[in-house]
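Participant: Sending over a structure as structure tokens; questions will come in a sec.
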């Protein structure tokens, strides 16, 4: 019987005797497994870095934006101009409107001419002699009132909870809307001044003439990773906003860095922008429809008076409005009023008349609101940059809030004095089903939904029925997770293929070694060694061979991964810090990490391949007749 130590010595001797053969086997198998090991180390470094940067953003959360896109409700009055039932309905509606206005006009003693203010929308087709709705009257109140009733009946409300009922891990965080008041408009006052060129034209919100922006309010837990200005004082009444990095850079009067800027220059710029974000301020002007309309009237009146300053025949209006300063977002005031008491009563009655018939715009309301930067979010990559590891990291990873949007954290908004966050701006963003239907279409509705189960999140992303669709929000968490799954699947196939190749290579080497050792085996058998002893010698030989393959694999994999790390980690760090707009500007993105369970896979595959490759040669060698082997060898 051969002792274990003797078997190990004999196996080691075989390796040393066949140095070239052993070296070839180790190098070929080690190259294959070494490349896989290098990929594993680099991939693990990337995954670990993404996890590390997840603390900077939202990659540790799976949030999906579920959106019902806007569209028409279905009823189209343009297609009903000859429909007898609809024509009859419009005719009755027009009569009811005229009757109500005539009654209100008598009540408040104001002039009302139906044939001028509310001409009949009904005409007669010259060919069929049937009543029709005139094409020029489709926007009349009677037609629209009748159409609204049909739209409301056809409108289908969207219930987010019903839509998500199949997904047990889904939790609705908030309804996600831009700040768009139902009544009036908001304007970012560029250079601190209210625009006068587009007064009364609708909602406008611009940083520059060629740059459109929106304001959004977002849940505080989502916004928290992006807040950098910890000195923000909510009691001052300034709106806290998180600004995309590029726009914050622009607001601080920095020139955009050239494409050839070094990584150190880019990182230094990021630190500067983040540290100075609290210096970014802007003003916003809100006007409701009545205020905007009155301002437009005042501006037109002022222009008319100035143009006729030298015209002796020109008669000024009896009530002259004063145009507020552009920096004030102030109310329009009356500069002079020479109306008689009777004229004033007539104007007052006109207001009462409009209130009675429902056309009164309401009292003018305006508000200047100050904004102050509290954080930065990353810019969404548009893929237009030059190829580099930095741009690749920015494109594939990162964490963001909204494209080209200034975001207000909900919790910080609620901490402000009520007067600084007027309901007219922040409490009227949702549009009811009736209002949407009455306008002929339904508005898009977006909800931020967090999933505890990533498989459910992926499932909802696949859904699209032409009306409701979903997309990842805030991070590439799902993408990273899918990359990990794809990496594991690819690794399994690579290990299987390389393992089969290794079995063939190692099998031929081990088989030749066993064949050439027949005489030695016969001698050992002659002096009393058993088949098991012979098998043990070759078993140690196989393990020692596998150990050398493992060592070569480890050295090659580490060397390859270190090369990648040294070449690209700084560029990757730059891209990651910009992609995440990292608050910790010292955090690094590495492409090297040895703590991967998949490296143990490779060790296992090498050992398994070596054992499988040796089974047949060792069994055949152990079963040979030692007497015949010695006789054939002489």
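Participant: Going by C-beta contacts inside 10 Å, put 555, 138, 591, 58 in order with the fewest on the left.
Facilitator: Starting with the residue having the fewest Cβ neighbours, the order is 555, 138, 591, 58.
Participant: Here's another thing I want to ask about it. Can you tell me the FRET efficiency between residue 138 and residue 233 if r is taken as the Cβ-Cβ distance and R0 is 51 Å, rounded to the nearest 0.05?
Facilitator: The formula returns an efficiency of 0.45 here.
Participant: Please compute the contact order of the range 74-154 in relative form: average sequence separation of alpha-carbon pairs under 8 Å and at least six residues apart, divided by the residue count, as a percent.
Facilitator: 43
Participant: What percent of all Cα-Cα pairs in the range 225-265 falls in each 5 Å bin, counting up from 0?
Facilitator: 5, 16, 19, 21, 18, 10, 6, 4, 1
Participant: Quick one: order 178, 230 by neighbouring beta-carbon count within 10 Å, fewest to most.
Facilitator: Result, fewest neighbours first: 230, 178.
Participant: Turning to a different aspect of this structure: Using only alpha-carbon positions, what ratio does the radius of gyration of the range 289-357 give when scaled by 2.2 N^0.38 Å?
Facilitator: After normalising by residue count via 2.2 N^0.38 Å, the value is 1.27.
Participant: Please work out the ratio of the alpha-carbon Rg of the range 80-193 to 2.2 N^0.38 Å and round it to two decimals.
Facilitator: Compactness ratio reported: 1.68.
Participant: Which distance in nm do the two modelled labels at residue 88 and residue 340 give, with both placed 7 Å along the Cα-to-Cβ direction?
Facilitator: Using points 7 Å along Cα→Cβ, the separation is 5.1 nm.
Participant: Give me 133, 425 ranked fewest to most by other Cβ atoms within 10 Å of their Cβ, as a rough exposure proxy.
Facilitator: 425, 133
Participant: Quick one: if the Förster radius is 60 Å, what FRET efficiency do residue 488 and residue 127 give, using the C-beta to C-beta distance and rounding to 0.05?
Facilitator: Once the sixth-power term is evaluated, E becomes 0.25.
Participant: How large is the Rg to Rh ratio of the range 139-200 when both quantities use alpha carbon positions and Rh follows Kirkwood?
Facilitator: 1.18
Participant: Hey, can you rank 253-262, 104-113, 294-303, 214-223 by average C-beta count inside 10 Å, highest first?
Facilitator: 214-223, 294-303, 104-113, 253-262
Participant: Could you work out the relative contact order of the range 289-357, using alpha carbon pairs under 8 angstrom and six or more residues apart, expressed as a whole percent?
Facilitator: Computed over the range 289-357, the figure is 26 percent.
Values in this text are rule-based calculations from the coordinates and carry no lab data. Remember, it's a predicted structure, so these values are computed and weren't measured experimentally. Please note: Cβ atoms are built from the backbone with ideal geometry, for glycine as well, and neighbour counts cover all protein chains shown.
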